[in-house]
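Worksheet for the structure shown next.
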Amino acid sequence: MTSRGDLVTFLTAAILLFHGCARPDPEAEHRAALSAVRARFNGCLPKAEPEGNLRLAIVSVEDLPDETRVRLVGYAVGETVDFNLPVYWMSRGRWLIDERGRAYVLDGRCREYKLKDRKATPGMTAPIDGHLQLKPGTAFETTLIFPSLPDDTREGVLIYDTRVLPFSLLLNKPH
């Protein structure tokens with residue numbers, strides 16, 4: 001018969017073995033990374049607007065040698081909503097969202113990277129004025145192009161008008 005101490009040792013070893021074999025929870029890791037980014041940026045972030053029925057999400061961030069591409073999707077929940085894309089105003093010399101808001105990226109040191117261009121996603125056509133109406137359950141995707149981020153950048157934040165969208169660059173850059 002085994003002793004009580006042997007049983008405790010066996011159970012402890014089994015728990016440690018099970019815990020060591022458990023898969024990491026990518027969702028929990030993602031939430032933790034976003035919380036860390038938000039904590040780091042609190043001093044330079046604008047106040048975020050509540051989401052409402054228009055939701056924005058970053059599909060991907062690709063940091064290339066000459067530019068950073070952020071694929072952004074806007075989608076409607078609950079009711080029809082307006083989704084405004086950045087439009088370049090030659091008279092003002094800058095990109096604006098609904099004639100007043102801006103889109104830019106902040107890196108881990110709160111350096112600002114201004115929008116350089118906006119590209120349509122294949123199969124989607126954006127109106128010249130940038131105003132879209134999305135019905136519930138529909139989405140629109142666009143690619144926003146910014147200057148390339150420094151090589152040591154691992155996280156950042158996309159500011160889209162009054163929305164704050166954190167992201168992380170977990171992989172090494174292809175430079």
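When the residues of region 133-148 are filtered to those that are of a type in the set (A, V, I, L, M) and more than 20 Å from Arg94 (Cα to Cα), the one that is surrounded by the fewest Cβ atoms within 10 Å (Cβ to Cβ) is Ala139. Got at least one residue in region 52-63 being of a type in the set (Lys, Arg) and farther than 13 Å from Arg163 by Cβ? Looking for residues that are of a type in the set (Lys, Arg) and farther than 13 Å from Arg163 by Cβ, one finds none in region 52-63, hence no.
Residues that are within 29 Å of Ser35 (Cβ to Cβ) and surrounded by 12 or more Cβ atoms within 10 Å (Cβ to Cβ) do occur in region 88-101. For region 105-117, a residue qualifies if it is at pLDDT 95 or above, crowded, with 16+ Cβ neighbours inside 10 Å and part of a strand (DSSP E or B), and the qualifying residues are Val105, Tyr113.
The values are calculated or read from the model by the stated rules, or taken from the named source; none is laboratory data. A quick note: this is a predicted structure, and the numbers were derived from the prediction, not measured. Cβ coordinates were reconstructed from backbone atoms using ideal geometry, including for glycine residues, and neighbour counts include every protein chain displayed.
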